[in-house]
Amino acid sequence: MPSRIDATFARARAENRSVLVTYVMSGDPDPETSLEVLKALPGAGADILEFGLPFTDPMADGPAIQAAGLRALKAKQTVSGTLDLVRRFRAENDGTPIVLMGYYNPIHTYGVDRFLEDAVAAGVDGLIVVDLPPEEDAELCLPALAKGLAFIRLATPTTDERRLPAVLANTAGFVYYVSITGVTGTATPDFGKVSEAVARIRRHTDLPVVVGFGVKTGAHAAAIAKGADGVVVGSALVDALVRSLDGEGRPQAGSVPAVVDLVRELAEGVRSAGVERAA
């Protein structure tokens, strides 16, 4: 039986389109609101959900996601709390893949074996742990694969031909191509160079290649979708959420709709590019 991630990409290929991958931070601005957002994303057009594990030192993330993590930590969100939200999401949605994205420190502190067992039980499908290189695969990657969790690796504009095989060696689910040099949400990618990079990665793997970092609008999503198997959007969604909060950082009636409306725009952009992408 294919995994949820594999089934999602297969369905998208049959529909001649890319997938939309959305990122939100667990616990931002509070656990219940983040769960409401998570539940609403599939109906707005998100195909795969990335759920951030809040951490104090997110070195790969720009100001928007850094601030989201701090808001979540202020709201007392934890690893176990994040897994509980996934469990509650799964009680209503058994089809949409969920990938936890974050850093190794919280997982190490929680305990690798315990974390993997609890993640599988909660309904997690994959992990993106941005600060564990291939040289440390025995630490988390290989145990995760043994549990049936996809370990999704990042490739970047500086990942050259010599490094790429090591990056891809134990990658599963999909390859996440970081479209800019820098941190999340701080620049707009050069769409022509992104297509070239995706084509280069595809020469080394049969896994789907998704592109993230810097995608903010439906037009951006459409441009990326023409040459990639998926498009990831995170900082723009976090920004949409934070703009909806009141002066004390509390959610309002329009907070969830603010995120949902942007996801609908992004999904429309991704889907509009399907035929061009396959040409």
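The values are calculated or read from the model by the stated rules, or taken from the named source; none is laboratory data. Small disclaimer: the values here were computed from a predicted structure and weren't measured. Here Cβ is always computed from backbone atoms with ideal geometry, including for glycine, and neighbour counts include all displayed protein chains. Side chains included, ligands, DNA and RNA excluded: accessible areas come from the protein's heavy atoms. Shrake-Rupley method; radii C 1.70, N 1.55, O 1.52, S 1.80 Å.
Data for the structure
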quantity	calculated
Within straight-line cross-link reach of Lys226, lysines at Cα separation under 22 Å, skipping those fewer than 8 residues along the same chain	Lys193, Lys216
The chain - accessible surface per residue (Å², probe 1.4 Å)	41 Å²
Surface share of carbon and sulfur [accessible, 1.4 angstrom probe, percent] for the stretch 1-160	53 percent
Helix runs (DSSP H) in the chain reaching 27 Å along axis by Cα, Kyte-Doolittle at least -0.5	none
Fraction in percent of alpha-carbon pairs per bin - 5 Å, the stretch 1-85	3, 15, 21, 20, 16, 12, 9, 4, 1
Size of charge dipole - the chain - debye, nearest 20, with Cβ of Lys, Arg +1 and Asp, Glu -1, no other charges	520 debye
Cubic angstrom per residue, convex hull over Cα atoms of the chain	115 Å³
